[in-house]
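The values are calculated or read from the model by the stated rules, or taken from the named source; none is laboratory data. For clarity, every value in this text was computed on a predicted model and none was experimentally measured. Cβ atoms come from the backbone with ideal geometry, glycine included; neighbour counts cover every protein chain shown. Side chains are part of the model used for accessible areas, which takes the heavy atoms of the whole protein and leaves out ligands, DNA and RNA. Shrake-Rupley method; radii C 1.70, N 1.55, O 1.52, S 1.80 Å.
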Amino acid sequence: TGVQTCALPIYRIGIGYDVHQLVPERKLIIGGIVIPYHSGSLGHSDGDVLIHALIDAMLGAANLGDIGSHFPDTDPKLKGIDSKILLKKALSLITEKGFALVNIDSTICLQQPKIGQYFPAMQSILSDILNIEKERISIKATTTEKLGFIGKMEGISATTVALLKKSETEP
Ligand code: MG
């Protein structure tokens, strides 16, 4: 009787969600790719909505707080920063806590433009940063059927889940 204490790996799941306003005179950067479009995401950093949601999913899975607690948008050193740098730092944080990334799944929500053709390039970039195969990086997109702020093209959002594995066993 009693609880089994055999060598089960420890899995942790995390969710991340992010929104950015779409404005003229900004680049549209999603998943590290610059997408040709007349508007881009407003933000203290480069406004990469997918990478921000991914960072929050990874941090959440490791119970390490949120992206704002590690990379505050009041920090002048982070103004205009490439979000790929923040993702590398987030990977270091979860690695230091003994976690490895198993897989991620993401949905980017935007009315325009169509971005499916860029998914393989996004997967390559994220695969290089995260040191996992592209097969473990799922990226999807949807619209809101022209409803709400996304439908009116005032903003974009991304939701990501990340699964982490710790090689140690529960005490
Ligand atoms: Mg953001």
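Structure values in brief
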| item | result |
| --- | --- |
| Estimated 222 nm signal from helices in the chain, with DSSP H stretches of n ≥ 4 weighted -39500 (n - 2.57), rounded to 500 | -8000 deg cm²/dmol |
| Top of 61, 90, 141 by mean-square fluctuation, Gaussian network on the chain, Cα under 10 Å | 141 |
| Of 122, 58, 153, the one that fluctuates the most in a GNM where the chain has Cα springs shorter than 10 Å | 153 |
| Per-selection Rg to Rh, the chain - Cα, Kirkwood hydrodynamic radius | 1.02 |
| Sites excluded, GluC sites (Glu not before Pro) in DSSP loops with at most 12 other C-beta within 10 Å, longest stretch of the chain | 26-132 |
| Principal-axis tilt of helix 49-61 within the chain, Cα atoms, nearest 10 degrees | 20 |
| Probe 1.4 Å, accessible area per residue of the chain, Å² | 54 |
| In order through segment 33-43: 3J(HN,Hα) via Karplus (6.51 cos²θ - 1.76 cosθ + 1.60), integer Hz, x for Gly, Pro | 9, 7, 9, x, 6, 6, 10, x, 8, 7, x |
| In segment 84-139, the trypsin sites (Lys or Arg not before Pro) that fall in loop regions by DSSP, at most 15 other Cβ within 10 Å | 97, 114 |
| Heavy-atom accessible surface of segment 75-171: percent carbon and sulfur, 1.4 Å | 54 |
| Folded to 0 to 90 degrees: helix 83-96 orientation relative to the chain principal axis, Cα | 10 |
| Cα-based convex hull volume of segment 70-171 per residue, rounded to whole Å³ | 148 |
| Hz values of 3J(HN,Hα) by residue in segment 126-141 - Karplus curve (6.51, -1.76, 1.60), Gly and Pro given as x | 5, 4, 5, 6, 8, 6, 10, 5, 4, 4, 8, 10, 9, 10, 10, 9 |
| Segment 18-26 - phi-based ³J(HN,Hα) in whole Hz, Karplus 6.51/-1.76/1.60, Gly and Pro as x | 8, 9, 9, 6, 9, 9, x, 6, 10 |
| Cross-link pairs beyond the 26 Å C-alpha cut-off, checked among 79/165; 27/140; 89/146 | 79/165; 89/146 |
| Max mean-square fluctuation residue, GNM over the chain, Cα-Cα springs under 10 Å, options 130, 86, 147 | 147 |
